[in-house]
Amino acid sequence: MKLCSFEVEGKESYGIVDGDRVIDLLPLSSYYNAALPLRVLDGIAKGEEFLQQISSLLQRAKSEGELSGHTLSIEEINWLPPMPEVKRNIICVGKNYREHAIEMGSSDDIPEHIMIFTKATNTVAGHGHTVPLHEDVTSQLDYEGELAVVIGKRGIKISPDDAMDHVFGYTIVNDITARDLQKKHGQFFIGKSLDFSCPIGPYIVTKSEVADPHQLTITTSVNGEVRQSSSTGLMIFRIPDIISTLSQGMTLEPGDIIATGTPAGVGKGFTPPRYLKAGDRIDIEVEGLGNLTNQLQ
Ligand code: MG
């Protein structure tokens, strides 16, 4: 299932993407008195029950010929982040691809332990949203295409063997970074948390539809020119280890988003560096997860 949130005619809703159409679930739920949660985040917290509720609603609507009346063209919607409200910071893994660690410094920069930082909740943006260039505070804004994991089940001290049971699905994140601020202030936080510097989406693909999250191609283009072309198979620390490490002393909650790191090819890695400019269009495609597109203001 491809679960998305959107706005249409000034109203927020969420739905299921089916090719170039979106089944608008909230009106459909009202029509059948199905009592779907009003927010994707609350649905995710219900886990499998939420997905079953959606499946039976879709089956019923289909058999009674009510589906087309609750279906929109994707052209009609204004995409929102798949979870428009995030409960806490986006958790990010740094330098999780060898060649990227090297382009950011040298082979000495390949981490021995998982490197974790976060992006504040003000960073969240949707597919198609315009991202500010923030030129009054940075001259080195950069892109980072990443596979992100959405947690579906609460957990503490999760073992690597159990970690995948805690995954709800996958999406794409653009970990937009002000390199100059990242460096100047010691901690990454300020350089990683400019407003709308974390486009997410376009949708969450539920985990049953992703056979192996460590075998997905990932491609980032700027104005149509491919800058990052890699595979999630090249991650240094894999998803079970990331979830297990994070959860040893910190409870993971449904709706937590973990960006798993970016491969080589960021703007900083070029000589001379190729930072973002006004009007640049960034497309990130992860196999099976769609294409996250944003333009710089
Ligand atoms: Mg990153």
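The values are calculated or read from the model by the stated rules, or taken from the named source; none is laboratory data. Because the structure is predicted, anything quoted here is derived from the model rather than measured. All Cβ positions, even for glycine, are placed from backbone atoms using ideal geometry, and neighbour counts span all protein chains on display.
Worth a mention:
- Only listed residue being closer than 30 Å to Asp165 by Cβ, in contact (Cβ under 8 Å) with a residue 12 or more places away in the chain, more than 16 Å from the ligand (Cβ to nearest atom) and loosely packed, with under 15 Cβ neighbours inside 10 Å, chosen from Leu38, Leu58: Leu38
- Selected residue (only one of Gly155, Gly191, Gly169 is modelled with pLDDT of 95 or more and in contact with a Gly (Cβ under 8 Å, 6 or more places away or on another chain)): Gly169
- Hits in segment 207-240 (condition: assigned to a helix (DSSP H, G or I) and in contact with a strand residue (DSSP E or B) (Cβ under 9 Å, 6 or more places away or on another chain)): Lys207, Ser208, Glu209, Thr232, Leu234, Ile239
- Inside segment 177-196, residues that are touching a helix residue (DSSP H, G or I) at 6+ places or on another chain (Cβ under 8 Å), touching a residue at least 24 places away in the same chain (Cβ under 8 Å) and within 15 Å of the ligand (Cβ to nearest atom) make up a count of 9.
- Condition check for Thr219: surrounded by fewer than 23 Cβ atoms within 10 Å (Cβ to Cβ) and on the phi < 0 side of the Ramachandran plot: yes
- Restricting Gly249, Gly186 to residues that are modelled with pLDDT under 95 and surrounded by fewer than 21 Cβ atoms within 10 Å (Cβ to Cβ) narrows the list to Gly186.
- Lone qualifier among Ile236, Ile204, Ile243 - being assigned by TED's automatic domain parsing to the domain that holds Thr121 and within 16 Å of the ligand (Cβ to nearest atom): Ile236
- Filtered by the rule that a residue be touching a helix residue (DSSP H, G or I) at 6+ places or on another chain (Cβ under 9 Å) and either without any contact (Cβ under 8 Å) to a residue 40 or more places away in the chain or β-branched (Val, Ile, Thr) (or both), segment 239-249 gives Ile239, Ile242, Ile243.
- Every listed requirement among (1) within 20 Å of Tyr170 (Cα to Cα); (2) among the β-branched types (Val, Ile, Thr); (3) surrounded by fewer than 19 Cβ atoms within 10 Å (Cβ to Cβ) is met by Thr71 save one, (1).
- Screening Asn96, Asn78 for residues that are out of contact with any helix residue (DSSP H, G or I) (no Cβ under 9 Å at 6 or more places or on another chain) and in contact (Cβ under 8 Å) with a residue 60 or more places away in the chain leaves exactly one candidate, Asn78.
- Qualifying residue in segment 144-165 (condition: in a strand (DSSP E or B), in the same structural domain as Ala264 (by TED's automatic domain parsing) and of a type in the set (Ser, Thr, Tyr)): no
- For Lys207, the criteria (1) surrounded by fewer than 21 Cβ atoms within 10 Å (Cβ to Cβ); (2) within 24 Å of Phe117 (Cα to Cα) hold in every case but one, which is (2).
- Search result, residues across segment 49-77 that are of a type outside the set (Gly, Ala, Ser) and closer than 30 Å to Leu252 by Cα: Glu49, Phe50, Leu51, Gln52, Gln53, Ile54, Leu57
- The C-beta contact set for segment 120-133 (first residue more than 12 Å from Leu296 (Cα to Cα), second residue among the polar types (S, T, N, Q), distance under 6 angstrom, 6+ apart or interchain) comprises Ala120/Asn89; Ala120/Ser193; Thr123/Ser193; Thr123/Ser197.
- Ile172 within 16 Å of the ligand (Cβ to nearest atom), assigned by TED's automatic domain parsing to the domain that holds Ile282 and under 24 Å from Lys2 (Cα atoms): yes
- Residue satisfying all of: in segment 250-294; in contact (Cβ under 8 Å) with a residue 60 or more places away in the chain, among the polar types (S, T, N, Q) and assigned to a loop (DSSP other than H, G, I, E, B); nearest to Gly43 (Cα to Cα) among these: Thr251
- Selection of strands (runs of 3 or more DSSP E) fully inside segment 68-116 by the criterion of at least 2 residues being in contact with an Asp or Glu (Cβ under 7 Å, 6 or more places away or on another chain) and away from the ligand (no atom under 16 Å from the Cβ) returns 71-73, 78-80.
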